[in-house]
Amino acid sequence: MKWSEKKIATALARQVFERKHLVLVPNCSWPGSECDLLVVTRDLRIIDVEVKISRADFKADAAKDKWFHSWDWRIDGPFKSYEERNERRRSRQWPHKVWKHYYAMPKEIWKPDMVEFLPSKNCGVILLSDIRSDRLLASVERRATPCRDAERLSASDAVDIARLASLRMWDAFEKLEVA
């Protein structure tokens, strides 16, 4: 099977998140950083899923800005240079606004020693296996630890995310019509 981000995200949406969650939005930057699949739970919390199709892609993810606090004048003082900013970056345990964070990838690329490359010990891992040419099986290898400080979405935030999901649906319909 040729793995793709879309195939993995579709399997997750239909098997793992479909019945338990309100909204799923692919390739979304709503929380402030890019996530491959944004999931809104029934109790209005965000699950961020990053889909990886290679070990190199997985290992590179820990360097993304979502895993570091932005420059804060109250904590870091006046901004002097980009070099100093990079030296003083403080790591995050969860991306901003995120309740749980998962990595999803093909089972054959995961090795137990890859845990050391997780950007946080709180990240979960979902592995996918090809059981038929048209069906993938998802299983949770490692559960994500929830961020107890993650705020629930407000009603307006939930509506904003639902609007984004709706726009994505209409864009998909338009692409189908053109094809």
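The values are calculated or read from the model by the stated rules, or taken from the named source; none is laboratory data. Everything quoted here is computed from the prediction, not taken from an experiment. All Cβ positions, glycine included, derive from the backbone under ideal geometry; neighbour counts span all protein chains shown. What goes into the accessible areas is simple: the full protein's heavy atoms, side chains included, and nothing from ligands, DNA or RNA. Shrake-Rupley method; radii C 1.70, N 1.55, O 1.52, S 1.80 Å.
Details
- Whether the stretch 101-169 is rounded, prolate or oblate, judged on the alpha carbon gyration tensor where a/c under 1.5 counts as rounded: oblate
- Extending 7 Å from the Cα toward the beta-carbon at both Lys59 and Glu116 defines two label points whose distance is 1.1 nm.
- Report summary: the helix-based calculation at 222 nm, which adds -39500 (n - 2.57) for every DSSP H run with n ≥ 4 and divides by the residues of the chain, gives -7500 deg cm²/dmol.
- Options Leu164, Val178, Ala144, ranked by Cα towards positive dipole end of the stretch 125-179, top entry (Cβ charges): Ala144
- Carbon-plus-sulfur accessible fraction, the chain (probe radius 1.4 Å, protein heavy atoms only): 53%.
- Calculated FRET value between Arg42 and Asp149, using beta carbons and R₀ = 22 Å, to 0.05: 0.65
- Too-long pairs where the Cα-Cα distance tops 25 Å, listed order kept, from Lys2/Lys66; Lys6/Lys66; Lys20/Lys64; Lys59/Lys175; Lys64/Lys175; Lys107/Lys175: Lys2/Lys66; Lys20/Lys64; Lys59/Lys175; Lys64/Lys175; Lys107/Lys175
- Remark: the Cα gyration tensor places the stretch 1-55 in the oblate category, a/c being 1.5 or greater and a/b not exceeding b/c.
- Cα long-axis angle, helix 155-178 against the chain (0 to 90 degrees, to the nearest 10): 50 degrees
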